[in-house]
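Take a look at the structure set out below.
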Amino acid sequence: LRAGGGHVAVIGGPQSGKTTLLRTLVAALALTHTPREVAVYGVDLVGGGLLPLGRFPHVGGVAGRADRERVRRTFEEVRGMLEHREQVFRERGIDSPDGLRARHAAGEVPELPMAEVVLVVDGLGLVRSEHEELEPLVTDLLERGGGYGVHLVGSLLRWNDLRIALQPAFGTRLELRLNDPADSATDRRLAATIRDDQPGRLLTGDRLFAQTALPRVDGI
């Protein structure tokens, strides 16, 4: 989340492990950071797989696809946080997310209850097709959020589900198994080697293979 502008795209075909990867990411954040260091908000536009994340104290809530009003409010709330942070940065002379983290840890930014905010959207591509009115909010978060400690992590079936102008905003790209390896934005040849029987196997933007761990935190 600190690399390439702070936004992460997870791309993969159906049942390739996108939701699991998002859950693993949030579980990892919750195990390595306090709620004062990072807060997470979820929007689940797919099948409800993000709802269990609401048990973490770091998670401010998860909006499901059936509640369009709550989905809209979640995006607006995070965008409101971004606007507030712009004001705080200006008034306190903060010039970077690193500076914010350091000063927040020292208790010098009481206006902000948490240092960083992560908005996790399962089914980000559906914003374009089913929630067109939210596209300006997504664009705003991608263009300005990274500089103020506001991150967007979203899952997509394919890169083309996202407008071309927005694709460069995702500095971190994780490709699970694709329906068509030719759709890979990283390496088509390597993408073709990820098999159907390898759930959670992915290709990073550095052309390296990685494996998602299951988000189990109960010791089993």
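The values are calculated or read from the model by the stated rules, or taken from the named source; none is laboratory data. What you see is a predicted model, and the numbers here were worked out from it, not measured in a lab. Every residue, glycine among them, receives a Cβ derived from its backbone with ideal geometry; neighbour counts consider all protein chains shown. Heavy atoms of the whole protein, side chains included, go into the accessibility calculation; ligands, DNA and RNA do not. Shrake-Rupley method; radii C 1.70, N 1.55, O 1.52, S 1.80 Å.
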(request) Could you run through the range 87-108 and say how many residues are in contact with a helix residue (DSSP H, G or I) (Cβ under 6 Å, 6 or more places away or on another chain) and either closer than 22 Å to residue 120 by Cβ or touching a residue at least 60 places away in the same chain (Cβ under 8 Å) (or both)? (result) 0
(request) Could you please give the count of residues in the range 119-130 that are touching a helix residue (DSSP H, G or I) at 6+ places or on another chain (Cβ under 7 Å) and not acidic (Asp, Glu)? (result) 5
(request) Hey, can you tell me all the residues within the range 27-63 that are closer than 19 Å to residue 76 by Cα, open to solvent by less than 20 Å² (accessible area, probe 1.4 Å), touching a residue at least 60 places away in the same chain (Cβ under 8 Å) and outside any loop (DSSP other than H, G, I, E, B)? (result) 38, 39, 40, 42, 43, 44
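One line per residue, one yes/no per condition, for (1) among the polar types (S, T, N, Q); (2) open to solvent by 60 Å² or more (accessible area, probe 1.4 Å); (3) within 30 Å of residue 47 (Cα to Cα):
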position: 67; (1), (2), (3): no, yes, yes
position: 75; (1), (2), (3): no, no, yes
position: 78; (1), (2), (3): no, no, yes
position: 83; (1), (2), (3): no, yes, no
position: 90; (1), (2), (3): no, yes, no
position: 95; (1), (2), (3): no, yes, no
position: 98; (1), (2), (3): no, yes, no
position: 108; (1), (2), (3): no, yes, no
position: 112; (1), (2), (3): no, no, no
(message) Considering only the range 177-189, I want to know if a residue exists there that is touching a residue at least 40 places away in the same chain (Cβ under 8 Å), among the hydrophobic types (A, V, I, L, M, F, W, C) and over 30 Å from residue 129 (Cα atoms).
(response) no
(request) Check the range 136-155 and report whether any residue there is at pLDDT below 90 and of a type in the set (Gly, Ala, Ser). (result) no
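Report whether or not residue 142 is closer than 30 Å to residue 76 by Cα, of a type outside the set (Phe, Trp, Tyr) and surrounded by 17 or more Cβ atoms within 10 Å (Cβ to Cβ).
Details: closer than 30 Å to residue 76 by Cα: yes; of a type outside the set (Phe, Trp, Tyr): yes; surrounded by 17 or more Cβ atoms within 10 Å (Cβ to Cβ): yes.
It is true that residue 142 is closer than 30 Å to residue 76 by Cα, of a type outside the set (Phe, Trp, Tyr) and surrounded by 17 or more Cβ atoms within 10 Å (Cβ to Cβ).
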(request) Please work out which residue is nearest to residue 96 (Cα to Cα), limiting yourself to the range 1-26 and to residues that are open to solvent by less than 60 Å² (accessible area, probe 1.4 Å) and among the polar types (S, T, N, Q). (result) 24
